[in-house]
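Take a look at the structure set out below.
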Amino acid sequence: MATHSATSAKQQRLIPVCWSVNLQPQANMPPKRKAKKTTKKNPEKRENDLEAKYRRSVLDVAILKDHIALQYESVKKIQSSRIDLRRHIRHTEQKLQHERQDHRDVNSDLSRQYKTMQTELTNKVKRMEKEVSQMSEELVLCQKELSKEKREREQLEWEKDATIADLKHKLENMETDYEKILHENLDSLTSQLAVAQQEWEDKSTTIHQNYKELLSECGLNARHI
């Protein structure tokens, strides 16, 4: 705005100068010849000189008017251009102000979004670090529990194998004992059966002998019965 005001003031200062220059018709006219001094002047020649001067003056005035009209049109165009330029400058400045405001708004919104995202990311990182720490502790505990269960399982397997081996040994001993007892019982039973058989045989022989004697006393032969 200051530059255009200075330009306008400079143009306004140049217009009177142009007019002052154009108001001097002698600058565009050939130099006049100096009239020779005469002691006596002819009235007709003097009248003709005056008429010629008048015509030249009228022509100079007409040329000056045309020049002034052209200068006036130029000034009007310059003023119109200056008004259009000022309007354009105002419009540009308003547009630039709006763009700057939009730019500030965008920057403010981006800064707010960045701060929000940074805060959320920081909170997420902290939360994930906490979760990782928790999971690490749980993993250590799980590994300890797993090691403990592994040792207990190995202990149980060892105890189970020992128990199975002991039971097998006891079973084998029991089988041996049962077999021994069975053989002893069978031997005892066989002996008892042999004794009983001998006794029954002795008894049957005695009874048979007694029957024979009884039959003989009755006059009967045991072979014929």
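Laid out as a table, the results:
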{"item": "Surface per residue (accessible, 1.4 Å probe) for the range 88-185, Å²", "result": "96"}
{"item": "Between the range 143-161 and the range 76-105, the alpha-carbon center distance in angstrom", "result": "88"}
{"item": "Estimated vicinal HN-Hα couplings, Hz - the range 165-171 in sequence order (Karplus 6.51, -1.76, 1.60; Gly, Pro = x)", "result": "4, 5, 5, 4, 4, 5, 5"}
{"item": "Net length gained if the chain between residue 144 and residue 47 were fully extended (0.36 nm per residue, minus Cα distance)", "result": "21.0 nm"}
{"item": "Extension gain, residue 76 back to residue 173 (0.36 nm per residue minus Cα-Cα distance, nm)", "result": "21.1 nm"}
{"item": "Rh by Kirkwood over Cα pairs, then Stokes-Einstein D for the range 93-178 at 0.692 mPa s and 37 °C, µm²/s", "result": "165"}
{"item": "Accessible-area value, residue 76, 1.4 Å probe, nucleic acids and ligands omitted, Å²", "result": "100"}
{"item": "Exposure of residue 169 as accessible area (Å², to 10), given a probe of 1.4 Å and all protein chains", "result": "100"}
{"item": "Translational D in µm²/s for the range 119-225 (Stokes-Einstein at 4 °C, 1.567 mPa s, Kirkwood Rh from C-alpha pairs)", "result": "57"}
{"item": "For the range 178-193, 3J(HN,Hα) per residue [Karplus equation, 6.51 cos²θ - 1.76 cosθ + 1.60, θ = phi - 60°, Hz, x = Gly/Pro]", "result": "4, 5, 5, 4, 4, 4, 5, 5, 5, 4, 5, 5, 4, 4, 5, 5"}
{"item": "Inter-probe distance in nm under a simple model that places probes 7 Å from Cα toward Cβ, at residue 151 and residue 118", "result": "5.1"}
{"item": "Spacing of the two label points (7 Å from each Cα toward its C-beta) at residue 192 and residue 165, in nm", "result": "4.2"}
{"item": "Phi-based couplings in Hz for the range 45-57 (Karplus 6.51, -1.76, 1.60; Gly and Pro marked x)", "result": "5, 5, 5, 4, 5, 5, 5, 5, 4, 5, 4, 5, 5"}
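The values are calculated or read from the model by the stated rules, or taken from the named source; none is laboratory data. Source: prediction; values computed, not measured. Don't worry about glycine lacking a Cβ; one is built from the backbone with ideal geometry, like all the others, and counts go over all protein chains shown. These area figures cover heavy atoms from the full protein model, side chains too; ligands, DNA and RNA do not enter into them. Shrake-Rupley method; radii C 1.70, N 1.55, O 1.52, S 1.80 Å.
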